[in-house]
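Bear in mind these aren't lab numbers, they're just calculated from the coordinates by the rules spelled out. Fair warning: this is a prediction, and the values are worked out from it, not measured in the lab. Don't worry about glycine lacking a Cβ; one is built from the backbone with ideal geometry, like all the others, and counts go over all protein chains shown.
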Amino acid sequence: MMLKALRLEIVKVRDVHWGIQVILVILGILAAFFVSGWFIALSGGNPAEAFAAIFRGAFGEPRKVYDTLMRATPLIFTGLATVIAFRAKIWSIGQEGQLYAGAMLAYTLYRIFQPMLDRPLLLLVVVLGGFLGGGLLGLLAGWLKARFNVDIIISTVLLNYIVTTMLLFLLYDHKYWMGAETYYPRTDTITKDAWFPIIFEDARLHMGFLIAVGFAITVYWVLKRTPYGYDLRAMGSNPVATMFKGIDVNKLIMVTMFISGGLAGMAGSGEVFGVHHNVNMAVSAGYGYTGIIVAMVSELNPLVVILVSIFFGAIINGSVVMATQTGIHTSIIFVIQAFVLLAILISRALMSYRIRRVPHAG
């Protein structure tokens, strides 16, 4: 009403120069850090010292850079999982549970096949186990949607809790997965023949990072160049038209949820066999949920997911140094992530719409 009184209207903008888009995104991120700094100041910290500590912790030396890339690896997988689902407007929130499901099945297959397989085949089994574990959980949610029209958001969120509760049950009993000589909820250490190879000596960056980058390129190609990618984008643009075109929407939903869940599941196997070398409840530091933010900030572009994951991996990795040097709790990273997402969404709205004066009639 106020806009009408001022003879103004909001109109959609079709083409925005790429330079303006970049400027708006940069300004949005700077604004997010400014507001986050205000929160740091409210907690009694010094924003400049906090952000400097984060940068040193993320990029201060080569080993810290490698650790940042290691932290980015599960985010690439869960970000890609989100891209695949959201491109079809399938609002899956199950990446966290799918990550744990991938870790669980990969570890189960490790226990079965470790005595009988050489290292290359064993590594292949645990990688495929991670994909299959997450994929089957995603497929279950897709089948519930296709068969009983169960809302994807509800089913995936509930499955997150079911999977983590199952893992807790297995880890808190010596009869199942709890280590024989520990009273902590974790398994025995995995034998070194199943550890993911390290890319650089004296670093923790493992082959999972290269696999994640390879999958990002593959997902980009699939979305742009294959019939499946076309069907996926078509369903995201207009589900009704997709159905009338003859595409089996239910089948597409199940296939998409299987692939999406599989990508998230590989994040789980990477954390177990590349970082922790055992299964525990700290396998995921909220990577499934952060992957959703990564995908949204990336505007569902698989290649941009790599860069945004490194950005968020830097915040996560640097927050440890920030906490030790400044005393600011690492939970501030969630505030930063939230404000970055909010800033990007506002920037996107500013790119898409503008206010103009309504011309006089006649």
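Taking the beta-carbon count within 10 Å as an exposure proxy, list TYR161, TYR287 from fewest neighbours to most.
Starting with the residue having the fewest Cβ neighbours, the order is TYR161, TYR287.
In debye, nearest 20: dipole of region 32-88 around its Cα centre with unit charges on the Cβ of K, R (+) and D, E (-)?
So the dipole magnitude of region 32-88 works out to roughly 160 debye.
Could you give the radius of gyration (one decimal) and Dmax (whole number) of the Cα atoms in region 288-330, in Å?
Final numbers for Rg and Dmax: 12.4, 36 Å.
Under 5 Å between amide hydrogens, which residues at least 5 positions from ARG186 or on another chain qualify, with H placed 1.01 Å from N in the peptide plane?
HN-HN under 5 Å from ARG186: GLY179.
If the reach is capped at under 17 angstrom between alpha carbons, list the lysines near LYS251, excluding any in the same chain fewer than eight residues apart.
Excluding near neighbours in sequence, the set is LYS89, LYS145.
For region 47-333, give the magnitude of the charge dipole about the Cα centre (Cβ charges: +1 Lys/Arg, -1 Asp/Glu; no others), in debye to the nearest 20.
Approximately 680 debye in magnitude.
Compare GLY19, GLY28, GLY270 in a GNM of the chain, Cα atoms joined below 10 Å, and give the one with the largest fluctuation.
Looking only at GLY19, GLY28, GLY270, the largest GNM fluctuation is found for GLY19.
Going by how many other Cβ atoms sit within 10 Å of their own, how do TYR220, TYR107 line up, fewest first?
Lowest to highest Cβ neighbour count: TYR220, TYR107.
222 nm [θ] for the chain, helices only, -39500 (n - 2.57) per DSSP H run of 4+, per residue, to 500?
The helix contribution divided over the chain gives -23500 deg cm²/dmol.
Taking θ = phi - 60°, what integer Hz values does the Karplus form 6.51 cos²θ - 1.76 cosθ + 1.60 yield along region 319-333, in sequence order, with x for Gly and Pro?
These are the phi-based 3J(HN,Hα) values: 5, 5, 5, 4, 5, 6, 8, 10, x, 7, 5, 5, 5, 4, 5 Hz.
Determine the equivalent ellipsoid of the chain by diagonalising the alpha-carbon gyration tensor, then write out the semi-axes as square roots of 5 times the eigenvalues, largest first, rounded to whole Å.
Computed over the chain, the values are 37, 28, 18 Å.
Among TRP143, TRP177, which comes first, second and so on when ranked by fewest other beta-carbon atoms within 10 Å?
TRP143, TRP177
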